[in-house]
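Worksheet: one structure, shown below.
The values are calculated or read from the model by the stated rules, or taken from the named source; none is laboratory data. Everything quoted here is computed from the prediction, not taken from an experiment. Every residue, glycine as well, gets a Cβ built from its backbone with ideal geometry; the counts of neighbours run over all protein chains shown. Side chains included, ligands, DNA and RNA excluded: accessible areas come from the protein's heavy atoms. Shrake-Rupley method; radii C 1.70, N 1.55, O 1.52, S 1.80 Å.
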Amino acid sequence: MSDASFDNRPIENEAQFGDFFALLKPRVMTLVVFTAFVGLLAAPVSVHPFVGFCAILFIALGGGASGALNMWYDADIDAVMRRTAKRPIPAGRVTRDEAFAFGLTLSVFAVVFLGLATNWLAGGLLAFTIFFYVVIYTMWLKRSTPQNIVIGGAAGAFPPMIGWAAATGTISTESVLMFCLTFLWTPPHFWALALFMRSDYDDAKVPMLTVTHGRRSTRKHILAYTVLLAVFAIALGFTSIGGPVYLTTAVILNALFIKGAWDITRRDEDMSEADNFAVERKFFKLSLLYLFASFGAILVDAVLTRMGVML
Amino acid sequence: MSLSKQHELHERRKGRNIGLGLTLAAFMALVFGLTIVKIGRGDFQVDPAEMSSGN
């Protein structure tokens, strides 16, 4: 034995700092940061820039922590699927216990510090979002219902509402409609992807709508959610945060989105395979633009209002 | 053996230790910044009426 009591065996695959960062799902975090930032800035009160920065950081950390807890619980299915097999836990660089401790500690830290930096409504909403994503979605419904995408989308829709609550200390029509925007956008976005990407969710025994209800039904679901999304998106334009930039953007984007969903509904599998799912791929790309342009337009209107520019 | 010789463990965990160090430094800066902002805004000021009623 050496003079040191710690375990000094060379360990293959030892976790690096980047592996713990990867547990936070940084790509998902960009959406969280952007929408929370819009929610915070669209609020009709001014927030100290440093407090605003801290609020966004803690919301992002809370979102990341729920991602780590999701990876802790889903390590078994992550190992089966090609897309997720290289994540830190299935790759053997981080143990499940480490991910659990990391996610739980970071969750508590993010909630407490968001509460201290802003208010406890925002802290409470962040705590509920983490609970919803980890317990309701990941542990309970993800493996039991083909509506898992819809339910998972709710967790991703909370950040603008938390940003708004951090600024105002309230929940209002505007923040609920911003929640609805992301919530109703998620199903058409993911189901379009599911139509043209062969998913290995089957191997992992995760029920997906394309498999449980068939691809025909998935196409109809896309149209239904797209129409519902348009109603809420246009309604947001008539609240205090909807200016001319948002309303114009929303009308154009929703018209294009409904047209895309209608085209998807009219097609069958033979038509889609003939052009390698061109319409479905185009709709998916449009969905990415849709969300960023919608929240971007809210941001532009908020900035113009603050600058006193009337269009 | 020289006392300054680095154990292989130090080299292996260098990235992790630097990352953790920077995270802790950022945390200190955040707490310090928030404290300055909150004191500057008077968040911790006690209402004089409350003080007198408490006596």
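Taking the stretch A:218-241 as the region of interest, how many residues are open to solvent by 20 Å² or more (accessible area, probe 1.4 Å) and either over 19 Å from residue A:287 (Cβ atoms) or not assigned by TED's automatic domain parsing to the domain that holds residue A:189 (or both)? Even if it seems obvious, please write down each step before you answer.
Narrowing the stretch A:218-241 to residues open to solvent by 20 Å² or more (accessible area, probe 1.4 Å): A:220-221, A:223-225, A:227-228, A:231-232, A:234-235, A:238-240.
Narrowing the set further to residues that are either over 19 Å from residue A:287 (Cβ atoms) or not assigned by TED's automatic domain parsing to the domain that holds residue A:189 (or both) leaves A:235, A:238-240.
The total comes to 4.
Taking residue A:164 as the residue in question, decide whether it is open to solvent by less than 20 Å² (accessible area, probe 1.4 Å), at pLDDT below 95 and not aliphatic (A, V, I, L, M). Explain how you work it out, then say what you get.
Numbers: open to solvent by less than 20 Å² (accessible area, probe 1.4 Å): yes; at pLDDT below 95: no; not aliphatic (A, V, I, L, M): yes.
No.
Any residue that is at pLDDT 90 or above, crowded, with 21+ Cβ neighbours inside 10 Å and within 14 Å of chain B (Cβ to nearest Cβ) - is there at least one of those in the stretch A:3-21?
For the stretch A:3-21, residues at pLDDT 90 or above, crowded, with 21+ Cβ neighbours inside 10 Å and within 14 Å of chain B (Cβ to nearest Cβ): present.
I'm told residue A:118 meets every condition in (1) open to solvent by less than 10 Å² (accessible area, probe 1.4 Å); (2) under 24 Å from residue B:31 (Cα atoms) except one. Can you identify the failing condition by its number?
Evaluating residue A:118 over (1) open to solvent by less than 10 Å² (accessible area, probe 1.4 Å); (2) under 24 Å from residue B:31 (Cα atoms) leaves (1) as the failure.
Out of (1) exposed (fewer than 15 other Cβ atoms within 10 Å of the Cβ); (2) part of a helix (DSSP H, G or I); (3) modelled with pLDDT of 95 or more, what's the single condition that is false for residue A:246?
(1)
If you scan the stretch A:273-294, which residues turn out to be of a type in the set (S, T, N, Q) and outside any helix (DSSP H, G or I)? If you could, list the steps in order and put the result at the bottom.
Filtering the stretch A:273-294 for residues of a type in the set (S, T, N, Q) gives A:276, A:287, A:294.
The one that is of a type in the set (S, T, N, Q) and outside any helix (DSSP H, G or I): A:276.
Looking at residue A:34 and the list (1) more than 11 Å from chain B (Cβ to nearest Cβ); (2) modelled with pLDDT of 90 or more; (3) in a loop (DSSP other than H, G, I, E, B), which single condition is not satisfied?
(3)
Here is a check on your reading of the model: is residue A:270 outside any helix (DSSP H, G or I) and at pLDDT below 95? If you could, list the steps in order and put the result at the bottom.
Numbers: outside any helix (DSSP H, G or I): no; at pLDDT below 95: yes.
Spelling it out, it is not the case that residue A:270 is outside any helix (DSSP H, G or I) and at pLDDT below 95.
If only one of A:52, A:67, A:63, A:39 is within 21 Å of residue A:129 (Cα to Cα), surrounded by 18 or more Cβ atoms within 10 Å (Cβ to Cβ), within 12 Å of chain B (Cβ to nearest Cβ) and at pLDDT 95 or above, which one is it? Talk me through it step by step, then tell me what you get.
Values: A:67 fails: within 12 Å of chain B (Cβ to nearest Cβ); A:63 fails: within 12 Å of chain B (Cβ to nearest Cβ); A:39 fails: within 12 Å of chain B (Cβ to nearest Cβ).
That would be A:52, the only listed residue that is within 21 Å of residue A:129 (Cα to Cα), surrounded by 18 or more Cβ atoms within 10 Å (Cβ to Cβ), within 12 Å of chain B (Cβ to nearest Cβ) and at pLDDT 95 or above.
So which residues in the stretch B:25-35 are within 11 Å of another protein chain (Cβ to nearest Cβ) and open to solvent by 100 Å² or more (accessible area, probe 1.4 Å)? Working first, answer last.
Pass one, the stretch B:25-35, residues within 11 Å of another protein chain (Cβ to nearest Cβ): B:26-27, B:29-35.
Of everything in the stretch B:25-35, just one residue is within 11 Å of another protein chain (Cβ to nearest Cβ) and open to solvent by 100 Å² or more (accessible area, probe 1.4 Å), namely B:32.
Residues checked against (1) open to solvent by 30 Å² or more (accessible area, probe 1.4 Å); (2) without any contact (Cβ under 8 Å) to a residue 12 or more places away in the chain; (3) touching a Lys or Arg at 6+ places or on another chain (Cβ under 8 Å):
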| position | (1), (2), (3) |
| --- | --- |
| A:133 | yes, no, no |
| A:173 | yes, no, no |
| A:202 | yes, yes, no |
| A:206 | no, no, yes |
